[in-house]
Amino acid sequence: MPFQSIRFKIVLWHMLILSLALFTFGWVLYHNLYLKIADDTDDVLRSRAKGIEQSIDTYWEAERLAIAEGVSKSRFTKEDNINFIRIARRWVGEKINDPDLINIIVRIFDAHGNPIASTRNIPIEHLNSRIFYDVKKGSDHFENVYLYVDERPSSFRIFTTPVMENKRLSYIVQVASPLSQLHAVLRNLAVSLLLLLPLTVILTGLSGIFLVQLTLRPVDRMIDTIHQITAENLKLRLQIPGTRDEIDALAKTFNEMIGRLDEAFTTQRQFMEDISHELKTPLSVLKGELEVTLKKIRSPQEYETTLQSSLEEVNGLVGIVENLLTLARFDAKTTTLQARPLDLDVLIKDSVEAIQVLGHQKDIGIQFNSAHTVEIIADKNQLKRLVLNILDNAIKYTPPGGKISIDLRQQKDSVVIDISDTGVGIPERELPHIFDRFYRVDKSRSSAGFGLGLSIAQSIAMAHGGKISARANLPQGTIFTITLPVKDKVIEF
């Protein structure tokens, strides 16, 4: 699995996030366990210290009752009392093997912080001044310290509490519990976490690799299929996983794109075939006429006739090229429309007058119906070309003696031009394609125009923010409908 692959990145990020989550979990667990054990230890030490205080007081009360009456009360004061020191040491000697104190070190200090007795072999030393300062004020004190027990250093949790008598410090009880058990528990937990967490991350990473491979397997199949798709093999489609997820949507989207490419390539091939056919005919005629003319010496009149015929063919070629350039400019949106307010009624009348001569040649009547004047903002020359192209197409496909009608009407925010003829009509299945370049309803009628007029008309209408459509004109013929905006801004090309 390459390091730059999406598989590696997904697994790596998954492992990093999991590692961070597990590390946070481990740290919180370790910290909370430490606090829990420490709190429990403090509770035990506080309880033991209270019990020791009560037990020593019990010994002291028994000693007081054993002494006869008449003895001064000062003798029974624990502070700086030799009898109390003796009782405290006796209590320590008797309780040194008490099961409740087996893991507890007990030390008794007098009111001045001097050691009185201890349950373990601990070097005799004065109570720490900082601790003594707290307990002298009547406050308890917790602290972690190292003590030498049996000449070996050990870590202890120490609780020191003052015992007050008549609001005066009588003596000090200090209990200590070794922290070895706490450290052992935390050490075991740390070892377990250090072993289990990396192992968990590794196992999760391995399982992640498997899951990523399984999830992206359809992508691998898509890549294999894509490698097989070429310009000559655009009918091939990706297999849809059917998982209803992003990969499924990707496959469907890619198939739609391939479909559009296939359609574009098919249209492009058809376009090249059509333009080759359109150019081949005049070029062949031109070539044939020139070859025939050059076979022998001819009269000036014959040369003139040949040149005139050649000029007609050249003009036809020039017309094809100019129309192609016009469409190319519209496609590239480089055509600048000279939009000005104009009277559409007048423009259509001028167009009818300009093309009337072609209608007279086939005895076709052209009738224009308009109820009122309509003004729009448009490019006069381009819009006139649009109308002339539709009228020219109608004349070509209308038999002699036919009729062409033009109706102009205004709607709420647009103007509509209907151009209907009584020609041969267009089959319903062909209507969606008649605005394609070089498309011919009757493929055999190659002499009827160059197949670009309707494409140019559609481009002009769209450039003005309008549209053009065609439908059957029952019982025969076709109706072309041009819809143009009245007040909307013209699209700038």
task = Taking E151 as meeting all but one of (1) open to solvent by 20 Å² or more (accessible area, probe 1.4 Å); (2) modelled with pLDDT under 85; (3) on the phi < 0 side of the Ramachandran plot, write down the number of the exception.
result = (3)
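Restricting to region 105-136, what's the tally of residues that are assigned to a loop (DSSP other than H, G, I, E, B), at pLDDT 85 or above and over 16 Å from E79 (Cα atoms)?
Looking only at that region, the number is 0.
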request  = Considering only residues that are assigned to a helix (DSSP H, G or I) and in contact with a helix residue (DSSP H, G or I) (Cβ under 8 Å, 6 or more places away or on another chain), look in region 218-230 and name the one that is most open to solvent (accessible area, probe 1.4 Å).
outcome  = I226
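I need a count of the residues in region 364-375 that are modelled with pLDDT of 90 or more and either in a strand (DSSP E or B) or within 23 Å of Q458 (Cα to Cα) (or both).
Matching residues across region 364-375 total 4.
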ask   = Of all residues in region 1-53, which are surrounded by fewer than 12 Cβ atoms within 10 Å (Cβ to Cβ) and either touching a strand residue (DSSP E or B) at 6+ places or on another chain (Cβ under 6 Å) or among the aromatic types (F, W, Y) (or both)?
value = F3, W13, W27
query = Looking at region 342-363, is at least one residue farther than 22 Å from L452 by Cα, in contact (Cβ under 8 Å) with a residue 24 or more places away in the chain and part of a loop (DSSP other than H, G, I, E, B)?
reply = yes
task = Run down N144, N103, N97 and say which single residue is exposed (fewer than 14 other Cβ atoms within 10 Å of the Cβ), without any contact (Cβ under 8 Å) to a residue 12 or more places away in the chain and among the polar types (S, T, N, Q).
result = N97
task = Have a look at N188, N233 and point out the one that is farther than 30 Å from Y439 by Cα and open to solvent by 50 Å² or more (accessible area, probe 1.4 Å).
result = N188
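The values are calculated or read from the model by the stated rules, or taken from the named source; none is laboratory data. Just so it is clear, the structure is predicted and the values come from calculations on it, not from any experiment. Reconstructed Cβ throughout: ideal geometry from the backbone, glycine too, with neighbour counts over all protein chains shown. Quick note on the areas: whole protein, heavy atoms, side chains included, nothing else; ligands and nucleic acids left out. Shrake-Rupley method; radii C 1.70, N 1.55, O 1.52, S 1.80 Å.
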